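A.B. asks: My questions all concern the structure below.
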Amino acid sequence: QPTVAPPMAVQPAEPNELSLTRADIVQVVSCHSVVSQSYKPVVEQLQRWIALVNSSLLPVTLGLLGACAYVIRTISDQIRGYRFTSVSGIRHTLRIFLGALVGTVIAYFNPVTAEIAIPPLALAFLGGYSVEPFFAFLDEMIDRLRSRSDAPAVPVDANAAAMPAPAGQVARLAPPRPPGQ
């Protein structure tokens, strides 16, 4: 009768030690490649949704959050100083809507704000918190544009001279004068 060798005792591997063969690694990598290719459209769709949320929804929400932080702080100060009135609620509600509007404006001008050291989402929060300075900045920009457009126009024709406009009317160019006059 043949003698059977006693079974070899398998020594357990150390808990931090991996004993994978090259074939095991190739199998895991090829399986991962197949799985990642099958989920690629899902991952791309999720990336588009995340980009949409980051570029439009988050700035509006953070502008709203900044306005809410300001309103809560203001209400606290008003209650402490006995200055909260029935009109205060309306002002605070408008302030919250204006904060969301500021967040929307900042989201719209995102490429412009990319050059600023403050991230656009933080800028949206700060804009919502400080609505008045933001709109004062916009008013100043509009005033600058108006002052450029109010500059005297260069005559189209060298013989044409601007006629003074009556009060409340826009100046018009005079008809050209015949040569020699």
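A.B. asks: Being surrounded by 10 or more Cβ atoms within 10 Å (Cβ to Cβ), touching a helix residue (DSSP H, G or I) at 6+ places or on another chain (Cβ under 8 Å) and modelled with pLDDT of 75 or more: is that true of residue 57 here?
C.D. replies: Judged against the criteria, residue 57 is not a match.
A.B. asks: Among the residues of the stretch 106-149, write down those that are touching a helix residue (DSSP H, G or I) at 6+ places or on another chain (Cβ under 9 Å), modelled with pLDDT of 90 or more and among the β-branched types (Val, Ile, Thr).
C.D. replies: Matches in the stretch 106-149: 131 only.
The values are calculated or read from the model by the stated rules, or taken from the named source; none is laboratory data. What you are looking at is a predicted structure, and each value in this text was computed from that prediction instead of being measured. Because the Cβ atoms are built from the backbone with ideal geometry, glycine has one as well, and the counts that use them run over all protein chains shown.
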